[in-house]
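Asker: Structure below; questions to follow.
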Amino acid sequence: MTQVRPVVTRSGTEDQGTAQSGDCVRVSGVSPQHTPATRIWFGRVSNEPGHRSPPHHHAEAETGGYVLKGRGRIYFGDGYKEYVDMTEGDFVFVPPFMPHVEVNMSTTEELVWLTARTPDNLVVNLPDVDDSELEGYRRA
């Protein structure tokens with residue numbers, strides 16, 4: 001009989017082959033790609049200072065995020081004119097199929113999120129939007 005046991009992904013051995021969107025870098029700690037998990041993706045998402053993702057959504061996946069470090073903003077809605085801001089310690093829920101842009105609002109500090117997504121890290125990239133359309137955003 002096979003013994004059921006926890007699976008640890010050691011620091012430095014995370015899966016780098018997960019779906020990406022532009023300057024938003026996702027690294028998988030728990031996922032179907034490299035653990036026995038079948039219904040969850042959990043990882044670290046980071047944006048360098050002043051960087052952002054292109055518009056995208058996560059298909060049918062529900063997303064929960066936690067801001068571990070930095071100041072983030074998620075643009076959404078018609079023309080990405082609406083947004084919510086987050087800082088260290090904040091949690092966020094992003095509904096399935098919701099087009100959005102994830103932004104690091106600092107031009108000097110990295111933004112780091114811990115993100116859980118079910119059933120997997122689904123990323124559907126959409127046509128880009130010019131930086132000038134994102135109120136208050138500026139690159140490093």
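The values are calculated or read from the model by the stated rules, or taken from the named source; none is laboratory data. Keep in mind the model is a prediction, meaning the values are calculated, not measured. Don't worry about glycine lacking a Cβ; one is built from the backbone with ideal geometry, like all the others, and counts go over all protein chains shown.
Asker: Failed condition for Phe97, given (1) in contact with a strand residue (DSSP E or B) (Cβ under 7 Å, 6 or more places away or on another chain); (2) over 22 Å from Ser11 (Cα atoms); (3) not in a loop (DSSP other than H, G, I, E, B), with all others met?
Answerer: Failing condition for Phe97: (3).
Asker: Only residues that are in contact with a Pro (Cβ under 9 Å, 6 or more places away or on another chain), at pLDDT 85 or above and within 23 Å of Glu88 (Cβ to Cβ): list them for region 12-57, please.
Answerer: Listed by number, the list holds a single entry, Trp41.
Asker: For Val129, all conditions in the list (1) loosely packed, with under 14 Cβ neighbours inside 10 Å; (2) touching a helix residue (DSSP H, G or I) at 6+ places or on another chain (Cβ under 8 Å) hold save one; what is the number of the exception?
Answerer: Result: Val129 fails condition (1) only.
Asker: Please go through region 69-86 and give me each residue that is surrounded by fewer than 13 Cβ atoms within 10 Å (Cβ to Cβ), more than 16 Å from Pro54 (Cβ to Cβ) and touching a residue at least 24 places away in the same chain (Cβ under 8 Å), ordered by number.
Answerer: Lys81 - this is the single residue of region 69-86 that is surrounded by fewer than 13 Cβ atoms within 10 Å (Cβ to Cβ), more than 16 Å from Pro54 (Cβ to Cβ) and touching a residue at least 24 places away in the same chain (Cβ under 8 Å).
Asker: Restricting to region 100-120, what's the tally of residues that are among the β-branched types (Val, Ile, Thr), in contact with a Leu (Cβ under 9 Å, 6 or more places away or on another chain) and farther than 11 Å from Val67 by Cα?
Answerer: Final tally of qualifying residues: 2.
Asker: Sort out which residues of region 100-126 are surrounded by 13 or more Cβ atoms within 10 Å (Cβ to Cβ), out of contact with any Gly (no Cβ under 8 Å at 6 or more places or on another chain) and either in a loop (DSSP other than H, G, I, E, B) or among the aliphatic types (A, V, I, L, M) (or both), and write them in order of number.
Answerer: Once the filter is applied, which keeps residues that are surrounded by 13 or more Cβ atoms within 10 Å (Cβ to Cβ), out of contact with any Gly (no Cβ under 8 Å at 6 or more places or on another chain) and either in a loop (DSSP other than H, G, I, E, B) or among the aliphatic types (A, V, I, L, M) (or both), region 100-126 yields Val101, Pro119, Asp120, Leu122, Val123, Val124, Leu126.
Asker: Can you tell me how many residues within region 63-82 are outside any strand (DSSP E or B) and more than 16 Å from Met105 (Cβ to Cβ)?
Answerer: Selection size over region 63-82: 4.
Asker: Tell me the residue from Asp120, Asp90, Asp85 that is among the acidic types (Asp, Glu) and within 18 Å of Glu14 (Cβ to Cβ), please.
Answerer: After ruling out the rest, the residue left standing is Asp120.
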